Amino acid sequence: MIFNVVALRVRHEREFDSIRTMPARLRHDQIMRSASEQAAIRQDVFHWLDDVFIGHGGYEIHHTVLKSYTWRGERLPLLDTGRGIRNPEEFSSTLTIMSGWKKNQYEDYESDNGWVTYHYRAGEGGDNIKLIRAYENRDPIVYFRAVREGYYLPYYPIYIAENDPAERVVRFPLDEGLAVLGDPTTYSAAQKRYADALVRTRLHQPIFRARVLHAYSGSCTVCELKHSELLDAAHIIPDASEHGVAHVTNGLAMCKIHHAAYDRNLMGITADFEVRINSDLLLEVDGPMLRHGLQEMHGQQIHLPTRRTERPSQDRLAERFEEFAKH
């Protein structure tokens with residue numbers, strides 16, 4: 001009898017070892033991943049997004065790329081565009097959620113203060129259990145915000161800060177710095193200034209950049225450089241100004257050298273879309289970068305978006321050019 005018990009224990013231990021060392025793609029449908037493996041996958045997703053998003057220009061990601069993520073050779077899509085929430089079967093809580101480009105029955109929304117309200121799915125249990133568990137466990141998730149059909153901006157890591165079962169919603173800030181400030185309705189004047197600056201730079205600017213770079217087909221309006229990692233969305237009227245709105249018509253896609261020159265009034269653009277270079281800079285002699293990168297641009301027409309509704313506002317260009325002309 002003792003022999004049989006020992007033999008059975010040895011057999012069970014061997015079976016456990018074989019499951020533990022089995023490739024993930026063979027076992028993921030059979031058992032729940034351990035908490036440590038789930039945490040490792042989440043961190044790997046964040047590093048992967050650093051590479052495919054930030055490392056490649058960081059202005060939008062197509063849904064096919066987000067569905068191509070793999071963990072140790074196993075395909076693990078990060079999006080479920082049909083459901084709006086990604087709850088892998090072998091995960092105990094939600095991995096990602098997303099906003100849709102088109103309206104849907106849930107009416108999720110992002111407030112001006114940088115907080116997102118996300119609704120439970122219809123019915124009980126299922127996806128909602130894992131969403132609530134992500135809140136209870138403070139599991140980090142990814143929020144994919146649609147910027148146009150099929151393209152998303154990722155925000156990560158995101159922590160769900162509030163769960164409201166009566167309203168059937170969860171709420172979370174798009175930046176942890178906002179969570180530290182507490183309830184937006186109780187901000188002091190200093191807290192509100194900080195929150196406004198954070199929302200503008202962390203939340204509005206990436207969306208503005210995505211839409212401007214898309215409008216200009218991912219190339220500099222002055223020199224047509226096409227490497228998105230070297231491109232910025234330059235404001236015509238600075239965003240700190242009262243009418244410096246984060247709208248595509250107040251933006252120009254520019255490489256970093258032309259953006260810097262534009263911001264410092266070393267380069268201007270007329271209301272007729274013509275590049276002008278500061279007169280002192282035109283006379284300066286300082287190598288091929290100055291000659292080809294700036295001086296030869298003088299008098300050239302900028303390259304405009306195909307859609308007229310996305311072209312830069314001529315009124316804003318005229319206002320900004322007046323400032324350039326003073327220098």
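The values are calculated or read from the model by the stated rules, or taken from the named source; none is laboratory data. The shown structure was predicted, so the numbers you read here are calculated from the model rather than taken from an experiment. Cβ: placed from backbone, ideal geometry, glycine included. Neighbour counts: every protein chain shown. In case anyone asks, the SASA skips ligands and DNA or RNA and just uses the protein heavy atoms, side chains included. Shrake-Rupley method; radii C 1.70, N 1.55, O 1.52, S 1.80 Å.
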Report task. Give the accessible area for residue 67 in Å² (nearest 10); use a 1.4 Å probe, count only protein heavy atoms, and leave out ligands, DNA and RNA. Result -> 50
Report task. Using a 1.4 Å probe and ignoring any ligands, DNA or RNA, find the accessible area of residue 322 and quote it in Å² to the nearest 10. Result -> 120
Query - Cβ charges +1 (Lys, Arg) and -1 (Asp, Glu), total dipole of segment 146-250, debye - result: 140
Query - Bridge type composition, segment 91-221 - antiparallel percent by DSSP, nearest 5 - result: 85
Query raised in the report: Using a 1.4 Å probe on the protein chains only, how many percent of the accessible area of the chain belongs to carbon and sulfur?
Result: 52
Query raised in the report: What accessible area per residue comes out for the chain, rounded to a whole number of Å², with a 1.4 Å probe?
Result: 54
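Please give me the summed charge of the neighbours of residue 197: other residues whose Cβ is under 12 Å from its Cβ, Lys and Arg +1, Asp and Glu -1.
+1
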Query raised in the report: Amide H of residue 71: which non-local residues (sequence gap of 5 or more, or other chain) have their own amide H closer than 5 Å, using H built in the peptide plane?
Result: 76
Query - Spin-label model distance (nm) - residue 196 vs residue 283, 7 Å beyond Cα toward Cβ - result: 4.2
Query raised in the report: Regarding segment 105-208, what are the three Cα extents along the principal axes, ordered largest first, in Å?
Result: 42, 33, 24
Query raised in the report: Largest first, how would 254, 297 line up by accessible area (1.4 Å probe)?
Result: 297, 254
Requested in this report: Evaluate the charge dipole of segment 180-239 about its Cα centre and quote only its size in Debye, nearest 20, assuming +1 on the Cβ of each Lys and Arg and -1 on the Cβ of each Asp and Glu.
Outcome: 100
Query raised in the report: How big is the charge dipole of the chain about its Cα centre, in debye rounded to the nearest 20, if each Lys and Arg gets +1 on its Cβ and each Asp and Glu gets -1 on its Cβ?
Result: 900
Query raised in the report: Rg and Dmax of segment 170-250, using alpha carbons, in Å: what are they?
Result: 15.6, 47
Query raised in the report: In whole percent, what relative contact order does segment 61-185 give with Cα contacts below 8 Å and a gap of six or more residues?
Result: 22
Query raised in the report: Considering only DSSP states other than H, G, I, E and B, which GluC sites (Glu not before Pro) in segment 61-125 qualify as loop sites with at most 12 other Cβ atoms within 10 Å?
Result: 89, 107, 124
Requested in this report: Could you tally the net charge around residue 295, taking each other residue with its Cβ under 14 Å from the Cβ of residue 295, Lys/Arg +1 and Asp/Glu -1?
Outcome: -2
Query raised in the report: How would 83, 307 line up by accessible area, probe 1.4 Å, largest first?
Result: 307, 83
Query raised in the report: What Kirkwood hydrodynamic radius do you get for segment 228-327 when you take the inverse of the mean 1/r over all pairs of distinct Cα atoms, in Å?
Result: 13.9
Report summary line: With -39,500 (n - 2.57) per DSSP H segment of 4 or more residues and division by the full residue count of the chain, the 222 nm estimate, nearest 500 deg cm²/dmol, is -10500 deg cm²/dmol
